[in-house]
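First comes the structure, then the notes that go with it.
Values quoted throughout were computed directly from the atomic coordinates according to the rules given, and no laboratory measurement underlies them. Note that the coordinates shown come from a computational prediction; the quantities given were computed from them, not determined experimentally. Glycine gets a Cβ as well: all are built from the backbone with ideal geometry, and neighbour counts include every protein chain shown.
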Amino acid sequence: MKKTKIICTLGPAVDDENTLKRLIIEGMDVARLNFSHGSHEEHLKRVEMMKKIQQEMNRPVALLLDTKGPEIRLGKLENGEAELVSG
């Protein structure tokens, strides 16, 4: 069992399914999204693409959301609630 994890930062250079699949094949364990760069919409597109590819390949990849730093983040939740799922 390997203990080292391979973390890949996702950005414009890997915005296509073939490149993401290749990263997974080559051993990516964690996909990092750097919220200091890019819009929420761009990151959402990447998350949705990762979910689709993980299902197709039957290979789990963790998502790491790297936020912009020490800021207070406020906002309303859609429908006033959020579902938190273990795992």
Practice task
Read phi for every residue in the range 13-27 and hand back ³J(HN,Hα) as whole Hz from Karplus 6.51 cos²θ - 1.76 cosθ + 1.60, θ = phi - 60°, with x for Gly and Pro.
Solution key: 6, 10, 8, 10, 4, 4, 5, 5, 4, 5, 4, 5, 4, 7, x
Exercise for the section: Provide the packing ranking of 6-19, 24-37, i.e. peptides ordered by the mean count of other C-beta atoms within 10 Å per residue, highest first. Expected result: 24-37, 6-19
Exercise for the section: Please give every one of the aspartates and glutamates within straight-line cross-link reach of Lys51, meaning a C-alpha to C-alpha distance under 19 Å, and leave out same-chain neighbours fewer than 8 residues apart. Expected result: Asp15, Asp16, Glu17, Glu26, Asp29, Glu41, Glu42, Asp66, Glu83
Exercise for the section: Just subtract the alpha-carbon distance of Arg22 and Glu41 from 0.36 nm times their residue separation and send over the number in nm, one decimal. Expected result: 4.5 nm
Problem - Label of the coordinate-derived value, Rg/Rh (Cα atoms, Kirkwood Rh), listed as (1) 1.20; (2) 1.08; (3) 0.99 - result: (3)
Handout entry: Simple Cβ-charge dipole of the chain, Lys/Arg +1 and Asp/Glu -1, about Cα centre, in debye nearest 20
Key = 400
Handout entry: Rounded tilt (10° steps) of 40-57 against the dominant C-alpha axis of the chain
Key = 40
Problem - Leu64 long-range amide H proximity, modeled H, under 5 Å - result: Ala31, Arg32, Leu33
Problem - Unsatisfied cross-links (Cα-Cα over 22 Å) in the set Lys2/Lys68; Lys5/Lys45; Lys52/Lys76; Lys21/Lys52 - result: Lys2/Lys68; Lys5/Lys45; Lys52/Lys76
Practice task
Place a label point 7 angstrom from the Cα of Ile7 along the Cα-to-Cβ direction, then list the residues of the range 58-87 whose backbone nitrogen is under 11 Å away.
Solution key: 64-67
Handout entry: Rough spin-label spacing in nm, given labels placed 7 Å along Cα→Cβ, for Lys76 and Leu64
Key = 3.5
